[in-house]
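Everything on this sheet refers to the single structure shown next.
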Amino acid sequence: MSGYARVVSLIGMPGGGKSTVGRLLAGRLDIPFADVDHAIQERAGMSVSELFSQRGEAAFRELESEVLQSLIAAGPSVIATGGGTVLKPENRSLLKERTLAVYLEASLPELWRRVRRNSRRPLLQVADPQAKLAELYAMRHPIYREVAAVIVTTGAPTIAQVVDAIVAELPA
């Protein structure tokens, strides 16, 4: 295979599997994989948690938009976005117009199971992280559904089956 000719963006909640699925999907499509959070860390010279605590969420979101634009401009690839990437209207437009946005949809209990022991998620470093996750889910789920060209449910299927489902939905 010579590689898929479009940018595929994976959107969804923290713990939704975007990075894990993205690496496998990129290999399957023979195109590069990029993770927005990792690219932010490289550009900022610090972890996402450090960036949040030292510069605040607004600075993080601005850098996130810049990184997203540059990754999309780089050409065909699979991009794992951050969970909050869709919060900015300009990011939503970019994802809808310049990528094939795939929402990796997971249930709230499944997401909690995946993230509850992860201390690297800055928005969940609060007194009641399960309640915060539920709040984020309630706010973001409709946005993910609105941005997505393709919705794939995760949780029960294996990662390989999720990748198969995405590949089956890709336009030629």
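Each reported figure results from applying straightforward, stated rules to the coordinates on display, with no laboratory input. Keep in mind that this is a model prediction, so the values were computed, not measured. Cβ coordinates were reconstructed from backbone atoms using ideal geometry, including for glycine residues, and neighbour counts include every protein chain displayed.
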Inset, instruction - Being outside any helix (DSSP H, G or I) and crowded, with 21+ Cβ neighbours inside 10 Å narrows it down to one of Gly16, Gly75, Gly22, so name that one. - result: Gly16
Inset, instruction - Go through (1) more than 25 Å from Asn91 (Cβ to Cβ); (2) in a helix (DSSP H, G or I) one by one and return the number of the condition Ala172 breaks. - result: (2)
Inset, instruction - Have a look at Gln54, Gln41, Gln69 and point out the one that is among the polar types (S, T, N, Q), part of a helix (DSSP H, G or I), out of contact with any Pro (no Cβ under 6 Å at 6 or more places or on another chain) and crowded, with 17+ Cβ neighbours inside 10 Å. - result: Gln41
Inset, instruction - Kindly indicate the residue of the range 127-157 that is outside any helix (DSSP H, G or I) and within 18 Å of the chain's Cα centre (by Cα) and also farthest from Leu29 (Cα to Cα) among those meeting that condition. - result: Gly155
Inset, instruction - Starting from the range 85-113, take each residue that is among the aromatic types (Phe, Trp, Tyr) and list its partners that are buried (at least 21 other Cβ atoms within 10 Å of the Cβ) and assigned to a helix (DSSP H, G or I), counting only C-beta distances under 6 angstrom and pairs at least six apart or across chains. - result: Tyr103/Tyr144; Trp112/Leu133
Legend entry - So Asp37, is it in contact with a Gly (Cβ under 8 Å, 6 or more places away or on another chain), without any contact (Cβ under 8 Å) to a residue 40 or more places away in the chain and not small (Gly, Ala, Ser): no
